[in-house]
Amino acid sequence: MTYPSLRTPLRPLSRILPARERGENTDVIERENIRARHEAEKEAVRQRAQGRLLVLGIVFICLYSVIAIRVGTLSSSEPVEPRAQNAGASIIAQRADIVDRKGRILATNLETHSLYVETAHLIDPQQTAQELAIIFPDLKSEKLVKDFTGDRKFLWIKKKISPEQMQAVYDIGDPGLRFGPREMRLYPNGKLAAHVLGGASFGKEGVQAAELVGVAGVEKTFDTRLRDPKMSGQPLELSLDLSVQSAVEQVLYGGMKLLSARGAAAILIDVHTGEVVSIASLPDFDPNHRPRPPVQGQAADSPLFNRAVQGVYELGSTFKIFAVAQAMDMGLLNPTTVMNTQGPIRWGKFKIRDYHDYGAKLPVWEVITKSSNIGTARIAQMIGAEEQQKFLTNLGMTDPIKFEMIEASGGKPLLPKKWSELSAMTISYGHGLSATPMHLAVGYAAIANGGLRIQPSLLKGGAGAEPVRVMSAASAANSVKMLRGVVTDGTASMGEVTGYAVAGKTGTADKPSAQGRYEKDKVIATFASIFPAHDPKYVLVVTLDEPEDTAGSEARRTAGWTAVPVAAEIIRRIAPLMGLRPEIEAGDLGDITQVSWD
Amino acid sequence: MTEMVYGSVPVSKGEPILPKWWRTVDKWTLMSVMLLFSIGILLGLAASPPLAEKNGFAPFHYVQRQAVFGGMALIAMFVTSMMSPILVRRLAVLGFVAAFIAVALLPVFGTDFGKGAVRWYALGFASLQPSEFLKPGFVVVSAWMLAAAQEINGPPGRMYSFILAMCIAVMLALQPDFGQACLVLFAWGVMYFVAGAPILLLMGMAGLVVFGGTLAYQYSEHFARRIDGFLSPDVDPRTQLGYATNAIQEGGFFGVGVGEGQVKWSLPDAHTDFIIAVAAEEYGFVLVAIIIAIYASIVLVSLSRLMRERDTFIRLAGAGLACSFGVQAVINIGVAVRLLPAKGMTLPFISYGGSSLIAGGIALGMLLAFTRARPQKNIADVINGYR
């Protein structure tokens, strides 16, 4: 027997099989069975559904209760009245002032307004656009009309406008023109200390306020501190002295122009605390209108480039004192030890010679005052490359200087690939190792303060870092005496400033050319000075890029003729400003033959 | 003899339609809907004049339209509620097919009225939002399928209705109209839940919803902006939500007085999505509480009547309609009080809007038809004469 289709389920078999035997229609039995099961199942399903509907009901009771409670609490709370005021609450608008060490303002905020348009409220876009173009000549009325009548509902016109401009815009009288309060960063001294301050621009912008964000200099380094609402009442105190900074920049600018230099830099640092009293780099810029970074040409030619901490130069003979100081510290020689200055020294193809021939023998102190390359190179040979590298590393000459200007991390010294004996000899007189003027200032500060390497700082009171001893106090004191000799009897004779006992060392380094050789008549002239020599308080480093004194019959480029007089003029102007009394030294060293250095 | 000669006296098959309707219909819900509609007119008088003024109409232009549409909606509701569940189902399925095609053709013939979402057909005198009509139709069709699936040897209706729900949700999400898409999925979920969804599956579904929400957040700017606005801790007082919150606070418990409210001048959607803010400002928490109570009572009374219901289809369809109606109100008010992220959803019977009013009337009519008292195999039913 075949079945039309195999239906499932074929139940109940106990009734179907006998019925089939009897030849009855089994469909009836099956349908009745299905109906019965269906009834039973339906009841179960209904009860489950009943439970679930109850759950749904409870869920809805909860939802409605929550909403009712929420409306109730809202109704019973007080409305926050000024609707527009807290709109910019998420943007912190106060930025702390920056002041110099005497509390004079370097950077502050000024209330101003931004101008924006809500196109939906504009009554006469054409007329408004025309009048705006008259007030702001850099705007084009056709473009404004296009913007006003396009899809945009909101557009910024100007980020900062003056009160006069604001009044003029107000007088147009169109309700679509809106003003948003703004705080702008103002540098009331203009270009003064431009590289230190850097500049600020708007970050997050809202209608009611905009965030001021530092983009360079201390504005960037201390951005979080300056924006911290808890500290907004306390200005950031820098170690700079505004009047000293002004004098330094003025004299430096004059010197740069007179000597037709491409650029110049000066650093004045307190040798005990590391406080940077003045730091200048020329050419400079106005942080109120910070120029865009250059996209072509050399970065070093941009006014944004900070020569004092970013420019790495071979600093020439200014390095010689480090070799001498180290040799004295190691007990290899004393100031009167006589050195063989017979030249030139040949080292393979390389020859080391002096600017002038100083004869076959020179005492160490004269190696410094006369600036003998041969003598210094021989001292370096005595020290050895390894010791020299260790000493210069201790002085901080091999790593970027730790300093509170974001740019300082870019001033990474250029070191020889292999610190060979030849490298040691050339480095001893400042060739083969390039560092920033700031590195040099820190090195000289260590000599001036009795042998401690300090960390330079732009904060009043210094960075608070523990000084590191790099040489003995006696070696440092002897070095200062030798440097004083450079001014009284040596290459820096124009550096004498009556009453302030300037000590220092000149350095004239040929500039490397684009081809990797040295330029013939382009130099970096540096004068690193310490004053007053009998009780050193400050180090001043002045660097001129490609100076040229054409007053005489032939062009003079050496530091003694260029950087030294500029530095002397700076010291003459700033020493009284910093409260240094001019002192008459115990005796005129120039007339006394020195027999002992103790 | 008389009968043998003249034939039997025709016996009426049942009692007349109207008395039977009145005897069996859910009168509480009926009254509640009427009340909601009157509140809608009352609030429309307050909320819509600024819009009418802006669009250059007479002050009560929108109130008049609301009254006309409301009248049509009430007629639709009464007529539908008088139908038998079978007739409701047949008509709803036909209506569903029509609405489905209309929604599918929206990208071709629809318009967005400059609001960034193609949801409407412009008909000249009025605009039509077919998705509003799709919702109740979908609920009925799904309920039918889910109920059929419970029959022995029945079709796999759960799968069919789920696929249908997903199709519609995707279509709506593409407009984009995430609010309606969510509502459709919600209605299906409720029916599936009542139809006996396994608890494990429900949890899986919840996970899927979270996942889908995250996806939508990442890939739809429209969606992400609203969520961001909701999540930001302080409300910007220049946004709609800011104005709404302020209005509710200004209103306090008894309101600032009829016609004294300010929020309607600042809120572009004061007459639709944020009408509860107008109610709260002018009439205070009292009216808002009454409105919430009315919605809650409609949902609860309907659900309790459905609990007695023996017919699976009627139970499911009724539950789907009642819950989607109830949740729409929850979402609308929840948005205005910042319990939920902003979402364009109307307050049923109170917000202005032709399509939503009429579709709401039809949906409530269906619900009333489903919740009418019927004999439920109880002896009490027989005694009370429910047939």
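What follows is calculated from the coordinates using simple rules that are stated; it is not laboratory data. Bear in mind that the values here come from a model prediction, so they are computed numbers and not experimental data. Virtual Cβ from ideal backbone geometry, glycine too; neighbours counted across all protein chains shown.
Summary table below
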{"read-out": "Separation of alpha-carbon centers, region B:248-269 and region B:94-151, rounded to whole Å", "value": "34 Å"}
{"read-out": "For region A:373-437 and region A:279-339, distance of Cα centres in Å", "value": "12 Å"}
{"read-out": "Protection proxy ranking of A:572-578, B:128-134 - average other beta-carbon atoms within 10 Å, highest first", "value": "B:128-134, A:572-578"}
{"read-out": "Fewest-first ranking of B:Glu250, A:Glu548, using other Cβ atoms within 10 Å as the exposure measure", "value": "A:Glu548, B:Glu250"}
{"read-out": "Burial order of peptide ranges A:146-152, A:192-198 (average beta-carbon count within 10 Å, highest first)", "value": "A:192-198, A:146-152"}
{"read-out": "Amide H contacts under 5 Å for A:Ala200, placed H, 5+ residues apart", "value": "A:Val215"}
{"read-out": "Gyration tensor (alpha-carbon) shape descriptor, region A:243-577, a/c threshold 1.5", "value": "rounded"}
{"read-out": "3J(HN,Hα) from dihedral phi, region A:37-45, Karplus parametrisation 6.51/-1.76/1.60, rounded to Hz, x for glycine, proline", "value": "4, 4, 4, 5, 5, 4, 5, 4, 4"}
{"read-out": "Using θ = phi - 60° and Karplus 6.51 cos²θ - 1.76 cosθ + 1.60, couplings along region B:200-214 (whole Hz; Gly, Pro as x)", "value": "4, 4, 4, 5, x, 4, 4, x, 5, 4, 4, 4, x, x, 4"}
{"read-out": "Pairs from A:Lys102/A:Lys402; A:Lys351/A:Lys537; A:Lys257/A:Lys402; A:Lys159/B:Lys264; A:Lys191/A:Lys402; A:Lys351/A:Lys390 whose Cα-Cα separation, in the structure shown, is over 28 Å", "value": "A:Lys351/A:Lys537; A:Lys257/A:Lys402; A:Lys159/B:Lys264"}
{"read-out": "Dipole moment magnitude, nearest 20 debye, region A:97-143 about Cα centre, only Lys, Arg, Asp, Glu C-beta charged", "value": "380 debye"}
{"read-out": "Antiparallel DSSP beta bridges within the protein assembly as shown, percent to nearest 5", "value": "95 percent"}
{"read-out": "A:Trp347, B:Trp21, B:Trp188 arranged by Cβ crowding within 10 Å, fewest neighbours leading", "value": "A:Trp347, B:Trp21, B:Trp188"}
{"read-out": "Gaussian network model of chain B, Cα within-10 Å springs - most flexible of B:Lys27, B:Lys264, B:Lys135", "value": "B:Lys27"}
{"read-out": "Candidate lysines for bridging to A:Lys42, where Cα separation is under 23 Å - those fewer than 8 sequence places away on the same chain excluded", "value": "B:Lys377"}
{"read-out": "Average other protein chain Cβ within 10 Å of Cβ, residues B:304-310", "value": "4"}
{"read-out": "Length released on extending from A:Cys62 to A:Gln298, taking residue separation times 0.36 nm less the Cα-Cα span", "value": "77.9 nm"}
{"read-out": "The protein assembly as shown: calculated mean residue ellipticity at 222 nm from DSSP helix runs of at least 4, using -39500 (n - 2.57)", "value": "-15500 deg cm²/dmol"}
{"read-out": "Note, ³J(HN,Hα) from phi for region A:347-355, Karplus 6.51, -1.76, 1.60, rounded to Hz, x at Gly and Pro", "value": "9, x, 7, 8, 10, 10, 10, 9, 5"}
{"read-out": "Sites A:Lys522 and A:Glu554, calculated FRET efficiency, Cβ-Cβ separation with R0 22 Å, nearest 0.05", "value": "0.90"}
{"read-out": "Sorted by Cβ neighbour density within 10 Å, fewest at the top, the residues A:Tyr187, A:Tyr253, A:Tyr355", "value": "A:Tyr355, A:Tyr253, A:Tyr187"}
{"read-out": "Averaged over B:323-331, number of beta-carbon atoms from partner chains that fall within 10 Å", "value": "3"}
{"read-out": "For A:Tyr313, residues with placed amide H under 5 Å, excluding near neighbours", "value": "A:Ala435, A:Thr436"}
{"read-out": "Cut-off under 5 Å, modelled amide H: who pairs with B:Val256 long-range", "value": "B:Glu282, B:Tyr283, B:Gly284"}
{"read-out": "Shielding score for B:183-196, defined as the mean number of other chain Cβ atoms within 10 Å", "value": "2"}
{"read-out": "Net charge, A:Val251 excluded, C-beta distance under 12 Å - Lys, Arg +1, Asp, Glu -1", "value": "+1"}
{"read-out": "Order by protection proxy (mean Cβ within 10 Å, highest first), peptides B:54-67, A:397-410", "value": "A:397-410, B:54-67"}
{"read-out": "Cα gyration tensor category, rounded, prolate or oblate, for region A:271-312 with a/c compared to 1.5", "value": "oblate"}
